[in-house]
Amino acid sequence: MSEQQNQQQTATAEQPGYAFKIEGRPDYSFLTVTIPANETLKVEASAMATMDTHINMKTKMKGGLGRWVTGESLFINEFTAEGGPGEIGIAPGPPGDLSHVYLHNEVIFLQNSAYVASTLGVEIETKWQGLKKGFFSGENLFLIRCSGDGDLWFNTYGAIIEIEVNGDYVVDTGHIVAFTEGLDYEVTMLGGYKSLFFSGEGVVCRFNGKGKVWIQTRLVDAMVSWVYPFRRVQKKNTTTSS
Amino acid sequence: MNIEIMHRPGNAAAKVTLEPSEQLTAEAGAMIAMSGDIGITTTTHKKESGGILKAVKRMLAGESMFLNHFNASSQRGEIWLATTLPGDMMEHTLDNETLIVQGGSYVASEPDIEIDLGWQGFKSVFSGESIFWVRLVGTGKIIINSFGAIYPIEVDGEYIVDTGHIVAFNDTLDFTITKAGSSWINSFLSGEGLVCKFQGRGTVWCQSHKSSSFGQTLTSTLKPRSA
Amino acid sequence: MKTEIKGAPTFAYLEVELAPGERIIAESDAMSSMAADMEVTAKLNGGFFRGLLRKLLGGETLFINQFKNESDGNRKLTLVQPWPGDMRQIRLEGNSFYLQPGAFLACSEGVTLGLKWAGLVSFIAREGLFKLAVKGTGDVWYGGYGAILEREIDGEYIVDTSHLIAYEPSIQLKLQLAGGFFSSLFGGEGLVTRVVGKGKIMIQSRSIPGLTGWLNPKLWG
């Protein structure tokens, strides 16, 4: 049953990247990438679940202060297949799907915690999106700008919905995962003042232009509130053990 | 109105297509994306009826006090609805009848459905479910959600459902809180504790998983909160 | 006995239909719905001492439940694990199979749950000193958090400890650092398991520490 939803890809003219497969789609997607001999794959810290024994792991500090400020992991691990091709299995933290894009000298913006893996040809930078956008648009003040040539994998909390935008489209804050460079968005109000405070939808992101937006069906904030009663209570100076 | 539920059962989202000038009523916060020209008004009640009392009651049931009414413009429009936790969604059509829904599981309905509160009595305190339940009355389409996959059980006589697994049931059914095993000591040792016993004739929609059980497995590795 | 795994892989649950007189054994608190006249008995598996060992050292529950149909018609029940995810069935014909703590859901009569010394390595990885060995003749159902993926091992392979849920007895586990000292400390991978041998391992595509590791930086208060 789950087998039918697997995505398997080998290198072709349009997709010159690494061979990979995605299993467990769409709710618990698991990525397996074959790294060619002596090549390197960048992977977000803690996401490695399985690998061949001849793959070597190195931890690199990436993104500098930006990623540190945003609470994102400071480290990206680099996995190199020493001497021969090797396989690595990658499991993102949240339940959800994985998407793959091959960038041909293109730019895509990612929500801060959506990054999973990329090949060395993809440049990764953190971008300040401005206070109003950053504060209201969802998880973080920063976006990740991915550019260049190569494979890029990103993940969502929940399922992925791809929307082709041509003109005007409204997405609720916190549900944006990624969007292409031709688009811009504004943080706007929906409805009147009553809607702003009581509708639960008051502030939204309004996209304009032509391009693609990837949205996730679940909201991190909702999960954060839901786990609250399940957290242990920390007493002053001492931590209660589980 | 056309309702299409995608990504079932794990990360369900409902795509509702409204014909020109059609309306949809939804739980506040359920909209995740929509066409740019759909209008939205927020009220504490069903349009042109009810009032603040019903809103307060709905809040007690774990729902939002506020409902959003989405209006399509002179063009066809679409709205995407999702729920807070991972889980399933179900479309169901009521035909001049009453459905009792677990607090927190109501997502959206057509304008003719009355949304009210159902008091299931003090036994609900022990059921591990919300004390208050939402009563959906009338004729039209509704959308409800769950933690886990939704499966129906046709009851004719008696059937037991563990607390925390009930999503909705026909009001032709009644339930009592009872023990799972043949004796109290057995029920206690079995870890099953108290269960709901349904009686009568009708359908119970169950959720495959219980969110509190999942939450408890996270406790040991979650960051503690300050007192 | 008729069984079917439904809701897989996201929210797998086991639907069981018992003919008169038939039984099934399940993990404590696994029942989510059942016929009202089903007979439920809490049992110590393999006697008190082994049950106690299972609880204290294997991270499992002390009691397991027996569901018996004592009526004269077919009766149904549904069983589920605490976390969302996939489920698998394995048929034992006198052989055995190893499960990591928490993976066991249910078994038919004829299967015994035993403990095997897992070694200090397993203890350091916070997986307990003992592992659960199921053996005998019959069916076993087990589950994981996330999708369950099967990997055929011939030689050596590295698996993050929190992703391993079950394996054949021909597989040995060894604990090691994920990378160098620096990488293991800051790369978030820490200790990993090197699986050695020839046989099948089952891994889960998500892990509870992975989920909470993603959530913890976002938590306030």
Open item on the list: I'd like to verify a number: residues in segment A:21-32 that are over 15 Å from the mean Cα position of the chain (by Cα) and buried (at least 24 other Cβ atoms within 10 Å of the Cβ), how many?
Closed with: 1
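Conditions tested, residue by residue: (1) within 15 Å of the chain's Cα centre (by Cα); (2) at pLDDT below 95; (3) more than 11 Å from chain C (Cβ to nearest Cβ).
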position: A:1; (1), (2), (3): no, yes, no
position: A:36; (1), (2), (3): no, no, yes
position: A:44; (1), (2), (3): yes, yes, no
position: A:72; (1), (2), (3): yes, yes, no
position: A:96; (1), (2), (3): yes, yes, no
TODO: For residues that are closer than 18 Å to residue A:163 by Cβ, under 20 Å from the mean Cα position of the chain (by Cα), more than 9 Å from chain A (Cβ to nearest Cβ) and not hydrophobic (A, V, I, L, M, F, W, C), tally how many sit in segment B:3-36.
DONE: 1
- [ ] Filter segment C:201-221 down to residues that are more than 7 Å from chain A (Cβ to nearest Cβ) and more than 15 Å from the chain's Cα centre (by Cα) and give me whichever is farthest from residue A:228 (Cα to Cα).
- [x] C:209
Task: Failed item, numbered, when residue B:227 is tested on (1) in contact with a strand residue (DSSP E or B) (Cβ under 8 Å, 6 or more places away or on another chain); (2) modelled with pLDDT of 90 or more; (3) within 7 Å of another protein chain (Cβ to nearest Cβ) - done: (2)
Task: Selection within segment B:136-167 - crowded, with 20+ Cβ neighbours inside 10 Å, more than 14 Å from chain C (Cβ to nearest Cβ) and more than 22 Å from residue B:80 (Cβ to Cβ) - done: none
Task: Out of A:202, A:182, A:191, sole residue that is modelled with pLDDT under 90, surrounded by fewer than 21 Cβ atoms within 10 Å (Cβ to Cβ) and more than 24 Å from the chain's Cα centre (by Cα) - done: A:191
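Could you tell me whether any residue of segment B:201-212 is among the β-branched types (Val, Ile, Thr), at pLDDT 90 or above and under 30 Å from residue C:209 (Cα atoms)? Explain how you work it out, then say what you get.
Pass one, segment B:201-212, residues among the β-branched types (Val, Ile, Thr): B:203-204.
Okay, now just the ones that are also at pLDDT 90 or above, so B:203-204.
If we keep only those that are under 30 Å from residue C:209 (Cα atoms) as well, we get none.
Looking through segment B:201-212, none of the residues is among the β-branched types (Val, Ile, Thr), at pLDDT 90 or above and under 30 Å from residue C:209 (Cα atoms).
For segment A:74-92, what are the residues that are over 11 Å from residue A:55 (Cβ atoms), at the interface with chain C (Cβ under 8 Å from one of its Cβ atoms) and modelled with pLDDT of 90 or more? Working first, answer last.
Applying the first criterion (over 11 Å from residue A:55 (Cβ atoms)) to segment A:74-92 yields A:74-76, A:90-92.
Still in the list and also at the interface with chain C (Cβ under 8 Å from one of its Cβ atoms): A:74-75, A:91-92.
Once the filter is applied, which keeps residues that are over 11 Å from residue A:55 (Cβ atoms), at the interface with chain C (Cβ under 8 Å from one of its Cβ atoms) and modelled with pLDDT of 90 or more, segment A:74-92 yields A:91, A:92.
Report, by residue number, each residue of segment C:7-41 that is assigned to a strand (DSSP E or B), at the interface with chain B (Cβ under 7 Å from one of its Cβ atoms) and touching an Asp or Glu at 6+ places or on another chain (Cβ under 9 Å).
Going through segment C:7-41, the residues assigned to a strand (DSSP E or B) turn out to be C:11, C:13-18, C:23-27, C:31-35, C:39-41.
With at the interface with chain B (Cβ under 7 Å from one of its Cβ atoms) added as a condition, the list becomes C:11, C:13, C:31-35, C:39-41.
Across segment C:7-41, the qualifying residues are C:11, C:31, C:32, C:33, C:34, C:35, C:39, C:40.
The values are calculated or read from the model by the stated rules, or taken from the named source; none is laboratory data. Small disclaimer: the values here were computed from a predicted structure and weren't measured. Using ideal geometry, Cβ is built from the backbone for each residue, glycine included, and neighbour counts are taken over all protein chains shown.
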